[in-house]
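The values are calculated or read from the model by the stated rules, or taken from the named source; none is laboratory data. Note that the structure is a prediction, hence the values are computed from the model and not measured. Glycine gets a Cβ as well: all are built from the backbone with ideal geometry, and neighbour counts include every protein chain shown.
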């Protein structure tokens, strides 16, 4: 498959991706373990929009545009926090975790206003199996079962909702598709990751399964030969040791697990303000909290190690590729039959960009 270079540089292509994909499909914007307690919240930017995700005292999660109904300032600073009410820093208008307008500063002087119609603008949101999904367009149906299918149920099997959030790292990257495509194949391991990932991982060995536009692909360690000594019924328990499944949430999230006490990683590849920029958010978590300070320090070192690989190897080459794309040196990017995940991703991207949901859908 040949993909035109303009797909990674053209502002019109980028705008179509934002309007026809990112603002229409369910996006995994948070892990439940990022908001483990009542009144926890996460404020972030997604596709240029300020988003506020909040858990109320009863444990329910909602999402809003992080914009005051008065003069449109954000009601929460970007990052994490815990509060029962959100107070706009501009004029002090106050909102509850349900988005309702609770108070107007010096209301008598402000004039008549209906508080019921001036709450935060709510976004479709649903928490499922430790994952929090949001649609960036108000009123859009959020059909998680129809969109993700059986892939979503695997997270219930892992008990992800009870895992522990360890922190995040942010990397500034090139076009969002360039970085994201690196997660869809291991063809580059032997060269790009020759001294890191390839020490234990096999290069150019993948298996792909499609779940609508989403995927599950494999990364295989050299120790996979040990499975010969393990009953087949127990192979799933070896995930994270002899092999790893990468679960792809179209269009921009990857998740990988391990049953052992090691690190697990979710990545959110968020398009930047222009076609040549993106922001990669690496979310780190594990099944159990660190048992002591020594283990916590060891985990931090592992987080730093994984982040360096992503930043200095994967992301670094993509920044260079972005410059190459601007040169128009070749007809387009090539994807071989061993890069089946990349081809499947591109087929679904093209399907959405046609803007006609009645067209036949790609199949793996």
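Please count how many residues of segment 46-80 are within 25 Å of residue 26 (Cβ to Cβ) and surrounded by 15 or more Cβ atoms within 10 Å (Cβ to Cβ).
21
Residues to consider are 177, 161; find the one that is within 15 Å of the chain's Cα centre (by Cα) and more than 30 Å from residue 71 (Cα to Cα).
Among 177, 161, only 177 is within 15 Å of the chain's Cα centre (by Cα) and more than 30 Å from residue 71 (Cα to Cα).
Give segment 350-364 a look and list any residue that's touching a residue at least 12 places away in the same chain (Cβ under 8 Å) and touching a helix residue (DSSP H, G or I) at 6+ places or on another chain (Cβ under 7 Å), or say none.
Correct list: 352, 353, 355, 361, 362, 364.
Looking at segment 125-135, can you tell me whether even one residue there is assigned to a loop (DSSP other than H, G, I, E, B), closer than 21 Å to residue 279 by Cα, modelled with pLDDT of 95 or more and not assigned by TED's automatic domain parsing to the domain that holds residue 243?
Yes, the conditions are met somewhere in segment 125-135.
Got a sec? Which of 177, 226 is on the phi < 0 side of the Ramachandran plot, touching a residue at least 40 places away in the same chain (Cβ under 8 Å) and either part of a helix (DSSP H, G or I) or surrounded by fewer than 19 Cβ atoms within 10 Å (Cβ to Cβ) (or both)?
177
Regarding segment 191-204, can at least one residue be identified that is surrounded by fewer than 13 Cβ atoms within 10 Å (Cβ to Cβ), not in a loop (DSSP other than H, G, I, E, B) and not assigned by TED's automatic domain parsing to the domain that holds residue 346?
No, segment 191-204 has no match at all.
From the list 315, 342, which residue is in contact (Cβ under 8 Å) with a residue 40 or more places away in the chain and more than 30 Å from residue 80 (Cβ to Cβ)?
Only one candidate passes the filter, namely 342.
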